[in-house]
Amino acid sequence: MGRCGLSGTPLKVTCAKYGYTVVGKGTTCFMWPQLEREADVYQILDTIQGYDVPVFLGKVNMQQTFHLHGVGKIRHMLMMGWGGEPIDEAAYKQGAYKKYLNKALTPVRDLGVLHGDLSAGHILWNEELNRLMLIDFNRCRLSLPDPGEWKPKWLTEWDSLAKEKDKDYHRQHF
């Protein structure tokens, strides 16, 4: 379905009984904390889901794992609605999507989310909506306007966040 990233791999998930198909971002137990943080970000982006980001359907912890060559044992998934097709990397580097990208980024930033990794692999083209959708928020930074608003635990507890960042470094480099 797509290329495997640092924290997970895209999977096409179909319910055999009803024929519904959604996108799963599968990962190992080792990488699951990073994807749980991404799920928190999708909660923050709730009001723009289906327009600037795909609809987030939830987290799944599977009872049975399956082995994916080059990735490991997939045990957890984030489930999302279809967001679109990956954009053309060469056209992206030439600036072909610039006006569409600003249109998608503005509402995300307005909600206090700074993406942090806007490579072509994290941007989808939705033909039906004639616009871009952003995905993969596992490297984002948050700048929520009101400290009284809901914040994920990993953001409000500095020591916890620092420990998770250390773990991320080791996951990516060792």
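The values are calculated or read from the model by the stated rules, or taken from the named source; none is laboratory data. Computed from a prediction, not measured in an experiment: that's the story for all the values here. Because the Cβ atoms are built from the backbone with ideal geometry, glycine has one as well, and the counts that use them run over all protein chains shown.
Odds and ends about this structure:
- Residue in the range 48-56 that is surrounded by fewer than 18 Cβ atoms within 10 Å (Cβ to Cβ), at pLDDT below 95 and either under 15 Å from the mean Cα position of the chain (by Cα) or on the phi > 0 side of the Ramachandran plot (or both) present: no
- Residues that are in contact with a strand residue (DSSP E or B) (Cβ under 8 Å, 6 or more places away or on another chain), in contact (Cβ under 8 Å) with a residue 60 or more places away in the chain and either acidic (Asp, Glu) or over 18 Å from residue 84 (Cα atoms) (or both), drawn from the range 44-67: 44, 52
- Residue check, residue 22 modelled with pLDDT of 85 or more, crowded, with 17+ Cβ neighbours inside 10 Å, of a type outside the set (S, T, N, Q) and part of a strand (DSSP E or B): yes
- The set of residues in the range 106-145 being surrounded by fewer than 18 Cβ atoms within 10 Å (Cβ to Cβ) and part of a helix (DSSP H, G or I) consists of 106, 107, 109, 110, 120, 121.
- Per this entry, residue 51 is counted among residues that are within 28 Å of residue 143 (Cα to Cα) and in a loop (DSSP other than H, G, I, E, B).
- Taking the range 95-105 as the range and being closer than 17 Å to residue 84 by Cβ and part of a loop (DSSP other than H, G, I, E, B) as the test, the residues that pass are 96, 97.
- Checked against the criteria, residue 67 does not count as within 17 Å of residue 24 (Cα to Cα), at pLDDT below 95 and crowded, with 18+ Cβ neighbours inside 10 Å.
- Qualifying residue in the range 87-97 (condition: touching a strand residue (DSSP E or B) at 6+ places or on another chain (Cβ under 7 Å), of a type in the set (A, V, I, L, M, F, W, C) and modelled with pLDDT of 90 or more): yes
- Residue 85 closer than 24 Å to residue 26 by Cβ, in contact with a Leu (Cβ under 7 Å, 6 or more places away or on another chain), loosely packed, with under 14 Cβ neighbours inside 10 Å and free of Cβ contacts under 8 Å to residues at least 60 places away in the same chain: yes
- Sole residue being under 25 Å from residue 132 (Cβ atoms) and of a type in the set (A, V, I, L, M, F, W, C), chosen from 62, 31, 80: 80
- Residue count, the range 58-94 (criterion: hydrophobic (A, V, I, L, M, F, W, C), part of a strand (DSSP E or B) and over 16 Å from the mean Cα position of the chain (by Cα)): 4
- Pair list, Cβ < 9 Å and 6+ apart or interchain, from the range 119-131 residues that are closer than 17 Å to residue 95 by Cβ to residues that are among the aliphatic types (A, V, I, L, M) and surrounded by fewer than 16 Cβ atoms within 10 Å (Cβ to Cβ): 120/90; 120/91
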